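J.: Take a look at the following structure, please.
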Amino acid sequence: MAPNNLTQITEFILMGISELPELQIPLFCVFLVIYGLIVVENLGIITLTSTDARLQTPMYFFLRHLAIINLGNSTVIAPNMLVNFLATRKTISYYGCAAQLGGFAFFIVGEIFMLSVMAYDRYVAICNPLLYMVVVSRRICLLLVSLTYLQSLTTALTVSSCVFSVSYCSSNVINHFYCDDVPLLALSCSDTHIPETAVFTFSGINLLFSMTVVLISYFHIVLAILRIRSSEGRQKAFSTCASHMMAVTVFYGTLLFMYLQPRTNHSLDTDKMASVFYTLVIPMLNPVIYSLRNKDVKDALKRFLNHPCQSLRPM
């Protein structure tokens, strides 16, 4: 971070989703409910997949880490966002803003790669079931998760360092509900070519690599489903696959819209609406799409509700 930044800007003001006073309380209530659901759903998935003896498989191992990432991503954003709905001055400190940007980048990149890991896991399970436990061994699972977090950390440190290496010496009003790179760079009074290039490059590489894995995996999964002779089996498989693909499409679509367009084409008000999806709505929907529609998870939840002490046994 440039030392002269600290003498010029010590805090930022977040405009939030809406500036209308009459909407602050209703929006607070809506997003409080959404965040509450995120916490309950994802903590539930983390607990069940960590301790239920029947959910100790690679699929649920990855699902647990997706829940951790979803919970972390929303927690980086939501608490400060909720406070600002009720606050008179919607401020965040310079270092708090940097930490929020870094945390957001870490978890959003983690989700990008965890979804690709989960797609690959399903591809192996459906297309090569006999080799599944060999190809997706515990060692491979740990390696894939470790690489996901390593890439997340690398991206977060690089992007946040680049964004906060420029000077902020005029306006400190961020037209967003959290500290994101695009609205922050729009405030800079110095040359932003290098940080913009870094953000675009990292975003492009992460998204395109992850999307390639997801698209190839689901393409082969669909082909495998089409080879199922039973129409009932095909319909059931397509139902599950379609919900997964819809969640992935919405997630990647909003990210592509946000980060792979030139700065001159950005509408910050439109970006805010897109950001709501991948910071709050999708973390709320993922447990439903990937878990609560799954028979094993529903059975584990029933066992926990009926006999919590007997059903939860650490492995």
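The values are calculated or read from the model by the stated rules, or taken from the named source; none is laboratory data. Just so we're clear, the structure is a prediction, and the values are computed from it rather than from any experiment. Here the Cβ is made from the backbone with ideal geometry for all residues, glycine too, and neighbour counts use every protein chain on show. The accessibility values were calculated without ligands, DNA or RNA, using every heavy atom of the protein model including side chains. Shrake-Rupley method; radii C 1.70, N 1.55, O 1.52, S 1.80 Å.
J.: Among the residues of the range 184-205, what is the count of those that are open to solvent by 20 Å² or more (accessible area, probe 1.4 Å) and among the hydrophobic types (A, V, I, L, M, F, W, C)?
T.: Final tally of qualifying residues: 7.
J.: Just for the range 63-107: of the residues that are part of a helix (DSSP H, G or I) and of a type in the set (Ser, Thr, Tyr), which one is most open to solvent (accessible area, probe 1.4 Å)?
T.: Among residues in the range 63-107 that are part of a helix (DSSP H, G or I) and of a type in the set (Ser, Thr, Tyr), the one most open to solvent (accessible area, probe 1.4 Å) is Tyr95.
J.: Give me the pairs: first residue in the range 208-223 and closer than 16 Å to Cys241 by Cα, second residue surrounded by 15 or more Cβ atoms within 10 Å (Cβ to Cβ) and of a type in the set (S, T, N, Q), beta-carbon distance under 6 Å, and six or more apart or on different chains, which are they?
T.: Every condition considered, the pairs that remain are Val213/Ser116; Val214/Ser116.
J.: State whether the residues of the range 123-135 include one that is in contact (Cβ under 8 Å) with a residue 24 or more places away in the chain, at negative phi and crowded, with 22+ Cβ neighbours inside 10 Å.
T.: Within the range 123-135, none of the residues are in contact (Cβ under 8 Å) with a residue 24 or more places away in the chain, at negative phi and crowded, with 22+ Cβ neighbours inside 10 Å.
J.: Further question on the same structure: Give Ser217, Ser231, Ser210 a once-over and let me know the one that is farther than 30 Å from Met15 by Cα and in contact with a Ser or Thr (Cβ under 7 Å, 6 or more places away or on another chain).
T.: Every option except Ser210 fails the conditions.
J.: In addition: Suppose we filter Ala300, Ala224 for residues that are modelled with pLDDT of 70 or more, open to solvent by less than 20 Å² (accessible area, probe 1.4 Å), over 30 Å from Ala105 (Cβ atoms) and touching a strand residue (DSSP E or B) at 6+ places or on another chain (Cβ under 7 Å); which single one remains?
T.: After applying the criteria, what remains is Ala300.
J.: If you don't mind, another one. Scan the range 85-134 residue by residue and report those that are out of contact with any helix residue (DSSP H, G or I) (no Cβ under 9 Å at 6 or more places or on another chain) and of a type in the set (D, E, K, R).
T.: Hit for the range 85-134 is Arg89, nothing else.
J.: Hey, could you check the range 232-265 for residues that are of a type in the set (S, T, N, Q) and modelled with pLDDT of 75 or more and say which is most open to solvent (accessible area, probe 1.4 Å)?
T.: Looking at the filtered set, the residue picked out is Thr249.
J.: Quick one: is Ser161 assigned to a loop (DSSP other than H, G, I, E, B), over 19 Å from the mean Cα position of the chain (by Cα) and closer than 17 Å to Tyr94 by Cα?
T.: The answer is no for Ser161.
J.: Select, from Val83, Val33, Val76, the only residue that is modelled with pLDDT of 95 or more and either farther than 30 Å from Asp299 by Cβ or within 15 Å of the chain's Cα centre (by Cα) (or both).
T.: The conditions single out Val76.
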